[in-house]
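The structure appears right after this line, and notes come after that.
The values are calculated or read from the model by the stated rules, or taken from the named source; none is laboratory data. Keep in mind it's a predicted model, so treat the numbers as computed, not measured. Here Cβ is always computed from backbone atoms with ideal geometry, including for glycine, and neighbour counts include all displayed protein chains. All accessible areas refer to the heavy atoms of the entire protein, side chains included, with ligands and DNA or RNA removed. Shrake-Rupley method; radii C 1.70, N 1.55, O 1.52, S 1.80 Å.
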Amino acid sequence: MMYAAAATAILVTIGLALARALLGPTVYDRILAVNMIGTKTVLLIAVFAFLSGRTDILDIALVYALINFIAVVAVLKLVELGYLFTSGDTEEQEAKPE
Amino acid sequence: MILEMLSWVFLVAGGLLGIIGGIGIHRFPDFFSRLHAAGITDTLCAALILSGLGLQSGFSLVSFKLVLIFAFILFTSPTASHALANAALHGGVKPQLDD
């Protein structure tokens, strides 16, 4: 029963973060909201593991926590530098920075 | 019985903290204060919820996985927030200094 309460609280938090992601004026607000949703999803998976009794899906929560971090850092690099990776023709990339 | 009560208190407190962080994200005026609100939910809410679950599973592989998840969240969340603030400041978002 308490797992259901914790799960609904986490779902409400994800809803609030989703609203901030839609409203967020700057792109960094959106990245912040997505990062928060990712962390809450990790907790949701953990609570759901106990809710359904199948605790072997905690590994999924573990992987999700890592990938969420890597995704946030990758998006930040994309937003800041304008490109994520240059496809080899770096001289063309340097020619027109933006 | 005590364990049941304690993990119930932890889980509900973690859920409430998450909601408070979610509300905080909406009420704070500018991006950098919102970063603080999101930071609260990342660390303390995760700690409470995962420890509440850990109490339920006792000393087993499951609670070891929970401790591992919490360790990863504890390491990656501040780093992500730092990278985010750094990118925002570099990207030209000015913190709102005086109200």
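Just counting partner chain Cβ atoms within 10 Å, what average do the residues of peptide A:1-14 show around their Cβ?
6
When the Karplus curve 6.51 cos²θ - 1.76 cosθ + 1.60 is applied with θ = phi - 60°, which whole-Hz ³J(HN,Hα) does each residue of region A:64-69 get, with x for Gly and Pro?
5, 4, 5, 5, 4, 5
Determine the sum of side-chain charges near B:Gly18: Lys and Arg each +1, Asp and Glu each -1, restricted to other residues whose C-beta is under 13 angstrom from that of B:Gly18.
Value of the local net charge: 0.
Can you run phi through the Karplus equation (6.51, -1.76, 1.60; θ = phi - 60°) for region A:41-48 and list ³J(HN,Hα) in whole Hz, with x for Gly and Pro?
Coupling constants for region A:41-48: 5, 4, 5, 5, 5, 5, 5, 5 Hz.
Counting alpha carbon pairs within less than 8 Å and at least 6 residues apart, what relative contact order, in whole percent, applies to region B:2-90?
32 percent.
Which value in deg cm²/dmol, rounded to the nearest 500, describes the helix-derived mean residue ellipticity at 222 nm for chain B, given -39,500 (n - 2.57) per DSSP H run of n ≥ 4 and division by the residue count?
-27500 deg cm²/dmol
For an R0 of 22 angstrom, estimate the FRET efficiency from the Cβ-Cβ distance between A:Glu80 and B:Thr79 and round to the nearest 0.05.
Efficiency for this residue pair is about 0.90.
Looking at B:Leu84, B:Gly24, B:Ala38, which one has the Cα that reaches farthest to the positive end of the dipole of chain B (charges on Cβ: Lys, Arg +1; Asp, Glu -1)?
Checked the options; the winner is B:Leu84.
Run the 1.4 Å probe and let me know the accessible area of B:Leu97, rounded to the nearest 10 Å².
Surface accessible to solvent at B:Leu97 totals approximately 150 Å².
Please turn the phi angles of region B:61-78 into ³J(HN,Hα) values with the Karplus equation 6.51 cos²θ - 1.76 cosθ + 1.60 (θ = phi - 60°), one per residue in order, whole Hz, x for glycine and proline.
Residue by residue, region B:61-78 yields 4, 5, 6, 5, 5, 5, 5, 5, 4, 5, 5, 5, 4, 5, 7, 7, 5, x Hz.
Using every pair of alpha-carbon atoms in the protein assembly as shown, split the distances into 5 Å bins beginning at 0 and state the percent of pairs per bin, rounded to integers.
So the P(r) values, bin by bin, are 1, 8, 16, 18, 17, 13, 10, 7, 5, 3, 1, 1, 0, 0.
Quantify how much of the Cα-Cα distance distribution of region A:2-95 extends past 15 Å, in percent.
Summing the P(r) of region A:2-95 above 15 Å gives 68 percent of all pairs.
Per DSSP H run of n ≥ 4, the term is -39500 (n - 2.57); total these for chain A, divide by its residue number, and report the mean residue ellipticity at 222 nm rounded to 500 deg cm²/dmol.
Taking each H run of at least 4 residues, the total per residue is -27500 deg cm²/dmol.
Rounding to the nearest 10 and keeping the result within 0 to 90°, find how far the Cα-based axis of helix B:31-40 lies from the longest principal axis of chain B.
That works out to roughly 10 degrees.
For peptide A:29-40, compute the average count of partner chain beta-carbon atoms within 10 Å of each residue's beta-carbon.
Averaged over the peptide's residues, the number is 6.
Based on the alpha-carbon gyration tensor of chain B and its eigenvalue square roots a ≥ b ≥ c, which shape applies: rounded if a/c is under 1.5, prolate if not and a/b is larger than b/c, or oblate?
oblate
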